[in-house]
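What follows draws every value from the coordinates through simple rules; no lab data is involved. None of these values were measured; they are calculated from a predicted model. Note that each Cβ is placed from the backbone with ideal geometry, even for glycine, and that neighbours are counted across all protein chains shown.
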Amino acid sequence: MKDYYVIIDCDPGIDDAMAIMNAVRSENIEVNLISTVSGNLTIEETVKNALKLTEIFKVDIPVAEGAKEPVKRQAVYASKAQGTKGMGGFTFPTPKKKPFILKSPDAIHYFLCQNPARNTTILCMGPMTNIANLLIKYPEAKDMISRIVFMGGSKDENGSTIPYREFNVAYDPEAMQIVFNSNIPLVMVPMELGHIAYFTPEEQLKIKRANAVGEIFYKMFSKYNDFHVGKLGAAVHDSCSALFLSNPEIFTVEPAFIKIDYHKNDGQEYGYINCDFNAKEHNAMVCVDVDIEKFKKIIYGNLFYYN
Ligand code: RIB
Ligand code: CA
């Protein structure tokens, strides 16, 4: 019996790719759908990358195309960090597999309805545009989702004068606001976890030497410019949210009140998550730390499946 029925919503994306591998290799979660959204790249690239990743990871999980644009603002992609095709230095052959017949949010709604227990977990590893569109089109969907585990935002307790501009929030803060308003239980996995969860160049070589899938990750990492950790290594932010689902015991979480605020800087207004651990009421659990040795051991174990 699987502990969780899971729908992944993501924008692959190099760290999304490693997170998908971890999720589909986990013994205790069952991924019913991989829904894609524009974010790191255009939707055309992210859905193609997700289709190809299911072929590489040898899993027959439906992949749905989702939102092309944020709910309100213009798309600003992250090709600088992720490479022009979103897979760093790895060029994919065109996938044979076709996208699911329904597009998100209809695809997400379809799979929520397939789960009789109505307790699906949404693992959100990109902008929340599809989830916002789901709640707008199908308000009853909120009663079929047990919780949303999402990679996004910063847990910085307003320590810095200029709030941190984390990509998934900044790309579509209005979507995140719609999701927060639904009161679906939230688990936030902030970008500071990626400051701990990164693979050094030596560890990337270990990944490369593991097998053919490791070689693909190595090529992806070769052009991955994640400025969070710079030359220290490849920050695998999204894997932190995937492993929170499969192995919550290796994480430390604290309750907080999180809300979307906006900050004007150099003529631009961007959204960020204001995370208050001292608030009287809480609306989210926030991951504040991870046992990095165990984290990496689990990922190596998932990778070695492909030996
Ligand atoms: O800030 C990191 C997040 O933005 C990750 O989900 C990465 O894939 C990018 O989407
Ligand atoms: Ca992502």
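The value of relative contact order for the chain, using C-alpha pairs under 8 Å at least six residues apart, is 20 percent.
Distance between the C-alpha centres of region 61-134 and region 215-286: 18 Å, rounded to the whole angstrom. Simple spin-label estimate for Ile136 and Asn119 gives 3.2 nm between the two label positions (7 Å along the Cα-to-Cβ direction from each Cα).
Exposed loop GluC sites (Glu not before Pro) only (DSSP loop, at most 15 other Cβ atoms within 10 Å): please give the longest stretch of the chain free of them, not including the sites. Walk me through the intermediate numbers first.
On the way: sites that count: Glu27, Glu157, Glu281.
For GluC sites (Glu not before Pro) (loop position, at most 15 other Cβ atoms within 10 Å), the longest site-free span of the chain is 28-156.
One chain, two ends: Ala279 and Ser146. Fully extended at 0.36 nm per residue, the span grows by 45.5 nm beyond their Cα-Cα distance. As a rough footprinting exposure proxy, the listed residues Val189, Val59 were ranked by other beta carbons within 10 Å of their own, and the order from fewest upward is Val59, Val189.
Restricting the chymotrypsin sites (Phe, Trp or Tyr not before Pro) of region 118-212 to loop positions (DSSP other than H, G, I, E, B) with no more than 10 neighbouring Cβ atoms within 10 Å leaves nothing.
Taking amide H as placed 1.01 Å from N in the peptide plane, the amide H of Val286 sits under 5 Å from that of Met188, Glu254, Ala256, each at least 5 places away or on another chain.
Would you mind telling me the antiparallel percentage of the DSSP bridges in the chain, rounded to 5?
Working: 17 of 42 bridges.
Rounded to the nearest five, the antiparallel share is 40 percent.
Summing Lys, Arg as +1 and Asp, Glu as -1, what charge do residues with Cβ under 10 Å from the Cβ of Ile184 carry, Ile184 excluded?
Here the charged neighbours net out to +1.
Residues Met144, Met125, Met191, arranged from fewest to most other Cβ atoms within 10 angstrom of their Cβ, appear as Met144, Met191, Met125. If R0 equals 35 Å, the separation of the Cβ atoms of Tyr300 and Thr84 corresponds to a calculated FRET efficiency of about 0.75. Footprinting exposure proxy ranking of His109, His237, fewest other C-beta atoms within 10 angstrom first, gives His109, His237.
Report the gain in length on full extension from Asn183 to His263: 0.36 nm times residue separation, minus Cα-Cα distance, nm rounded to one decimal.
Here the segment from Asn183 to His263 would lengthen by 26.4 nm.
Beyond 26 Å in Cα-Cα separation lie the following of the pairs Lys48/Lys72; Lys142/Lys259; Lys103/Lys142; Lys68/Lys208; Lys96/Lys219; Lys58/Lys85: Lys68/Lys208. Label positions at Lys208 and Ile196, each projected 7 Å from the Cα along the C-beta direction, are separated by 2.9 nm. Judged by the gyration tensor of its Cα atoms, with axes a ≥ b ≥ c, the chain is rounded; a/c sits under the 1.5 cut. The Cα-based radius of gyration and maximum Cα-Cα distance (Dmax) for region 62-208 are 17.2, 49 Å. Remark: spin-label model distance Lys223-Glu55 equals 1.9 nm, labels positioned 7 Å along the Cα→Cβ axis.
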